[in-house]
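Read the figures in this text as sums done on the coordinates, not as results from a lab. Please read these numbers as outputs of a predicted model, since none were measured by experiment. Here the Cβ is made from the backbone with ideal geometry for all residues, glycine too, and neighbour counts use every protein chain on show.
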Amino acid sequence: MATILITGATDGIGLALARLYDTADHQLILVGRRPFAQLNDPIFTPTTYCQADLAQSDAAETVAHWLQEAGIQTLDLLIHNAGTGYYGSLAEQPLDQIDALLTVNLHSPISLTHRLFPWLRQAKGQVVFISSVATAVPAPEYAVYGASKMALEGFARSLRVEWRGQVTVQTIRPGATHTGMHQKIGLTQAQMNWEKFPSAEKVAHQISNAIISKRPSVTLGFGNKLLRFGGRNGRFLLDPLLQKRAPQLTSQPQRQNEQPTCLITGAADGIGRALALRYAQAGYRIVGLDVDGEKARETAAQIEADGGSASFILGDLSRRDELDAILSQLAVHAPFNCVIHNAGISAVGHFEAIPLARQTTVLHLNLHAPLWLTTELFRQNWLTPDASFVFLSSLSYFASYPGAAVYAASKDGLANYARSLRAAWAGGHCLTVFPGPVRTAHARRYSPDNSREDGRMPPETLAAAIFRAEQAGKTRLIPGAQNKLMGGAGHLFPRLLEWGMKKMILEKLEG
Ligand SMILES: NC(=O)c1ccc[n+]([C@@H]2O[C@H](COP(=O)([O-])OP(=O)(O)OC[C@H]3O[C@@H](n4cnc5c(N)ncnc54)[C@H](OP(=O)(O)O)[C@@H]3O)[C@@H](O)[C@H]2O)c1
């Protein structure tokens, strides 16, 4: 008998999956947020239903406790299906809603996978992440949803390499489906006619077939496969077309600065510092955000010694409770001509061995913070009408990053968000950067092998390349010939690159 856990089993695709797997051969564990008393399908019984609100940080512990109480020791199949969304302008999405969406769609599958690893390993089981074909195309009206699903895919891809031989990891992408989800997120039928979409039952059948195939990633349905192919390979055609159709963001600042102003997160050290020096040299006034007061003072002093001007705001961007104080100081310096989302941290090692709290902080700093800031900059009209954005993603977007699966998730999510923002921000532009190893303390701290540090790109070289690309209005930058080669190879031969990353990173971390 196979033990199967399905999250979000009270409605839509999850409920259809639960009904499909409801046979004598399966023991079901159905996770939902609704109180048991509100469920009227006989499939839900005290021995099948586990009530857990996945928007709460203790949800994984609740589920683990339920399994222990029920005497369940193994899991053959874990389907991360629960999901939520938001539809509307990314400038209007409340920050609490951004956090809630990322918690249900991204944090909860990550923390459940982390907590339930012993159950999965015991059964040599399979973990399935329900993503969406929306990751393949810019989605300006559901940018955070797209980012959450892309981050989930980035996480799954790296985890799959880490867990090969122990637990099968799979990503499945349905296309638009006729469920209650669209209505729940505030869409009307005039905006989206969901009645024409395939039924939840049909999609559940396709999902169960994909699960049997055990293929690493499956897009369901011919039309969705075509869309994904187009979105991945035809973005030069597709993205400008979508930009023409998407409702456009605007920013009308109430005042102007005398000097062009560049906001850089994590500007005190490493790539951020090099960017601050480069932009200051080009005549920009620098507004840096950083947590390290001493390094911030040193960088500001260097910029001023070189004849530039810099102010630093000190604060921890990974913490929502510090955001208001940061924003009130930002108000003084607005509007910004250029915003560089550079701050980032990592956590390396085997996913299941890294404390979850640390992985959560990685997601908060690398993904939540740029989304919060971007939303607020638009909401408050703190951008010049032609402002540029620069997002520091990572070469892991093409290559995977076994040994830093949550870092990879954050950087894939960020790249996806930048693509959606670009479609809605025709007034300015939006550059995504995919750097490989750079000669900074970040690389030294997280790399398994620093013996060939000289081979890493100097931060000044990267900063100069970013400056040139941003000023030229480019949308993507893979800096350096070797990284370009790796990016191309990752796109064409993803499995080969994953194997290479396993050798270069994971096995060295293990050693
Ligand atoms: N529908 C589509 O067009 C479509 C397309 C591609 C991918 N997907 C993905 O497919 C999955 C299922 O979507 P669906 O269309 O079946 O949506 P749905 O009908 O709204 O079902 C979503 C399920 O997730 C549950 N859920 C939401 N928030 C939760 C929370 N905080 N804690 C616990 N459970 C929670 C819902 O509970 P309640 O019943 O209490 O709301 C429901 O059981 C999602 O991951 C979605 O992103 C959907």
Pairwise FRET efficiency - ARG33 versus SER309, Cβ, R0 = 45 Å, nearest 0.05: 0.35
Separation of the ALA24 and TRP499 label points, Cα + 7 Å toward Cβ, nm: 4.5
Listed pairs LYS411/LYS474; LYS124/LYS196; LYS225/LYS503; LYS196/LYS411 exceeding 28 Å between Cα atoms: LYS124/LYS196; LYS225/LYS503; LYS196/LYS411
Packing-based exposure ordering (other Cβ within 10 Å, fewest first) of ASP321, ASP269: ASP321, ASP269
Sites matching GluC sites (Glu not before Pro) across region 82-160 that sit in DSSP coil, with at most 16 neighbouring C-beta atoms within 10 Å: GLU92
FRET efficiency, ALA123 to ASP454 (Cβ-Cβ, R0 56 Å, nearest 0.05): 0.75
Extended-chain gain in nm, criterion 0.36 nm per residue less alpha-carbon gap, ALA190 and ILE43: 49.5 nm
Region 2-242: relative contact order as a whole-number percent, Cα under 8 Å and 6+ apart: 20
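Mind putting a number on the dipole of the chain about its Cα centre? Charges go on the C-beta only, +1 for Lys and Arg and -1 for Asp and Glu, and I need it in Debye to the nearest 20.
Numbers: 48 positive and 42 negative charges, 354 e Å.
Charge dipole, the chain, about its Cα centre: 1700 debye, nearest 20.
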Approximate spin-label separation GLU69-GLU507, in nm, with each point projected 7 Å along Cα-to-Cβ: 4.6
Inter-label distance, nm, simple model (7 Å from Cα along the C-beta direction), ARG297/GLN252: 4.4
Estimated FRET transfer efficiency when R0 is 22 angstrom, pair ARG358-GLN166 (beta carbons, to 0.05): 0.50
Neighbour cut-off at most 11 other Cβ (10 Å), DSSP loop, trypsin sites (Lys or Arg not before Pro), region 451-511: ARG452
Entries of LYS149/LYS202; LYS184/LYS214; LYS214/LYS508 with Cα pairs more than 25 Å apart: LYS184/LYS214; LYS214/LYS508
5 angstrom amide H check on SER388, placed H, neighbours 5+ away: CYS338, VAL339, HIS429
Expected 222 nm ellipticity per residue - DSSP helices of 4 or more, -39500 (n - 2.57), all of the chain, to 500: -13500 deg cm²/dmol
Length released on extending from GLN243 to ALA464, taking residue separation times 0.36 nm less the Cα-Cα span: 76.7 nm
Full-extension gain in nm, ARG445 to ALA472, via 0.36 nm per residue minus C-alpha separation: 6.4 nm
Pairwise centroid distance, computed over Cα atoms, of region 28-48 with region 350-422, Å: 35
Spin-label proximity, TYR87 to region 139-159 - amide N less than 12 Å from point 7 Å beyond Cα toward beta carbon: 141-142
